[in-house]
Structure formats: C-alpha cells, structure tokens
Amino acid sequence: MIKQPLYETVNKELGDYPPEYFCERLRICSVSLQVTEKCTNHCRHCANYGSPQNTASLDFAVIKKVIVEMLEQKYSLLLLWGGEPFLYKYFYETIKFAFASGIKDIGVNTNCFWAVSEKAVEGFIKKVASWQNNDQRLTLSISCDRFHQEQEASTPVKNIVNLIAVLEREGLDYDIQSIYTENDTVFESVLTALRERNVPVDNVKKRRRVLPLEYIGRAAQLSHKTDFAAEYNCAFLNKNPEILLFVTAGGQAVFAENFVGDKLLPFGNIKNQSLADIENEMNSCKILKLIRLWPKKFFFYPFRKYLDLQDFCCDLSDGKIKNAFYVRDKVTEILQIKEKQFDMSDKLQAARRIYSGVNELPEQECLDIIERYGDLSDVFYLRELNGKITTEQKIQTILATTFSMSGNQI
C-alpha cells in the first residue's frame, strides 16, 4: 500500500507541525464491502463502475475473516454494496453468517432488480428474519433515479414500488437514495404507484436522501445544470474521527470519502492484513491524516483543489512522482490552507451565526468569510438561506464555485 519512499519524506517533514493540523487518531467504526462489481445495469453516474460485464468479487472466506475481525474490534455496522450485492454468489450466506456471528446491523444497497413482485420481497424478508435475533436488523438502501431507466435492461420502477410497499407494510427500515438531476421524474412515479396501492407516501418522502451529482464517480464527466433548491440532505457531514472503511472487490481498503472517480488511495488490503493492521497503517501516515476529506480538509472555497490533491496523493502512492521538491511544495500548499483556516477559526464561527440570524458581523462580511474559509458543511446551511436574505446572488455565486467540477458549467 502506501510504501513509497517519498511518503516517508512527507511524514518526516510534517513531524514538527502541531497535532491540530491533523485528524485525531482515526478509528474504523464500520466496514463497507464491495462484494461484487457485477451489476444488472451500467449506469453513467455509477461511482463504483458496476457493469454486467464485470466479474470481480470478494472471496467468501475473506468476507468471513473480516466479519470475525469486526466483532473482535467492536465495529458497529456491516454494509454490502456492489455492483449489485444481490448478484453476489454468496450474498445470502454472507448475511446469514454475519447475523450468526453477532453483527447487529447490516445495510445493503440495491437497485431492486430482484423485487419482481411483492411475493418475492416477502420471501426475502422472511428468509432474513429467520436468521435474525430481536436486536439485529437489516436495512435496505434503494437506488432510485433516472440513470437506471436509460438502458435496455433497466430496472422497472414497479420493482422499487414492490419493495417499498412491503417494507412500509411490515414497518421495516430502509432509505431511498437518489442522484439529483434535472427532469428526473422517477421518484414521483414511484410515489404515484404507491398511492395507487393505497400506501401512505409521507413516510416514504422522509426516507429519501438526495445526493449531488458532482460527488458520484462517472458523474464528473457528465455535463448538467444544478438546481440549488434541490434537497441536498445527504449524509456528508460526519464531524468525528470515526471512519467508514470502504473495501473494494479487490480487497483494497480506502476512506469512504476517497472513493471518487477511478482513482483510489488505498492504505491496506484485507486479503493479507487484519482490520487492526489496516487501522494502524492508516494512522501511521501523516499525509493521510493531513488531507483527510471531512471535516479537516474538504475546504469549501478551494473545492477544485481537492481533486488536485486527490490526484497528487494517488500518484504519490503509485510511485509516479519522483520529484521531492514538488512533493515539498504541494505539502506546503496544503499546510498554508490549513493555517488560513486556523487563523480565521474565531471569525468563521462568528460568521456562521448568520444561519440563525444572530451574528455580530455584517451579512456580506459573513458570506465573504464563509466563502474563503468555510468547509463543505457550510454549503448545506447556505442553501437554507437562499432566498431568505438580501444577498441571494452572493450565495448563488459561492454555491456555483463550490459545486463546479472539472470545468463543468453550472
């Protein structure tokens, strides 16, 4: 994994900086396994590059090893993703083994291709229930957006309706994940079909999470226009040093936030390392702790710098960068950004009080400070202000700067 000599140089140069420049000790709290890359669809937006042609998958013996180690380390949650997890050869065996071993919470992402009828859904729920104790649960995350409908072998909307109808009737946990795009009527068609089956939809609406297209793998290459009034109520605001560890079908361990596009910055591999070893490896590399995306690194104003630094670290890890002076300059650049943030921490806190309408600074000055020194979480607060204060155009400008990617026009 991260074994290149220049990483050692970086770690040495960072040795004199105070602890507050880095994330605290990062602790893995849950593990997300890409059990397979195979999928029924080949969606343009897919962050995981799933496809019917992809065959890579995790060995079941490796998955069992990870589950046992999760319990030893007291990790709280196991997530299964793909591709499409329901296509994994040992999908049911994985769930059964995890519950039998003592895992409390399992989450599964699915496009619902298998939910061809309510009877099929009921059969799946009954099977899973036979493996669970009262304090164990499985939560389905349902993928629901127009990208699934663009293909010849698309997932019918009625499958999503079948699944939600049964889950609502049984009172079981689920969430609906949509990628925001203009003119996407898929979710509305789901709600219409549920109403026709006499399923109340108020709870269904609350379970929907809408993700900005800009964060999703291939989406960086898609030209689109973002509606800033969209519901950006996604779970990108984790403020603690606990890590959701992503594991690819090849066994590579990466930060969940690092899984962007086709470049990965792995710091371990579960095929030949334990989870405890991976956690130690993760914490031994200061540059990883320096640039970790949330909340210490993912700055609001220099959003494009994230992509630049992501590429830099990936190339450094792959041994593609040989120039130590370039590395030193890049690390200095990161530290300078951090110094600016630390220097302005008091004013930034004061500026954020604009959200509640209680602040000592003029409105325009608040926005200027947030634009220059804020982090990604400020986007979601600023969105709430849109249309409610007199500097609406300023907010639009900041959001456009933040959400633009790779030259896309917004």
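The values are calculated or read from the model by the stated rules, or taken from the named source; none is laboratory data. Quick caveat: nothing in here was measured; it's all calculated off a predicted structure. No Cβ is skipped: glycine too gets one built from the backbone with ideal geometry, and neighbour counts run over all protein chains shown.
From F342, F312, grab the single residue that is modelled with pLDDT under 70 and hydrophobic (A, V, I, L, M, F, W, C).
Answer to the selection: F342.
For K119, work out the one condition from (1) farther than 23 Å from T192 by Cβ; (2) surrounded by fewer than 20 Cβ atoms within 10 Å (Cβ to Cβ) it doesn't fulfil.
The single condition K119 does not satisfy is (1).
Does the stretch 161-173 contain any residue that is in contact with a Phe, Trp or Tyr (Cβ under 7 Å, 6 or more places away or on another chain) and at pLDDT below 90?
Checked the stretch 161-173: no residue is in contact with a Phe, Trp or Tyr (Cβ under 7 Å, 6 or more places away or on another chain) and at pLDDT below 90.
Report yes if C46 is part of a loop (DSSP other than H, G, I, E, B), touching a Gly at 6+ places or on another chain (Cβ under 6 Å) and not charged (D, E, K, R), otherwise no.
yes
Being small (G, A, S), buried (at least 22 other Cβ atoms within 10 Å of the Cβ) and in contact with a Ser or Thr (Cβ under 7 Å, 6 or more places away or on another chain) is the filter here; which residues of the stretch 58-103 pass it?
G82, G83
Does E170 satisfy the criteria of being farther than 20 Å from N109 by Cβ, of a type in the set (D, E), surrounded by fewer than 17 Cβ atoms within 10 Å (Cβ to Cβ) and free of Cβ contacts under 8 Å to residues at least 60 places away in the same chain?
no
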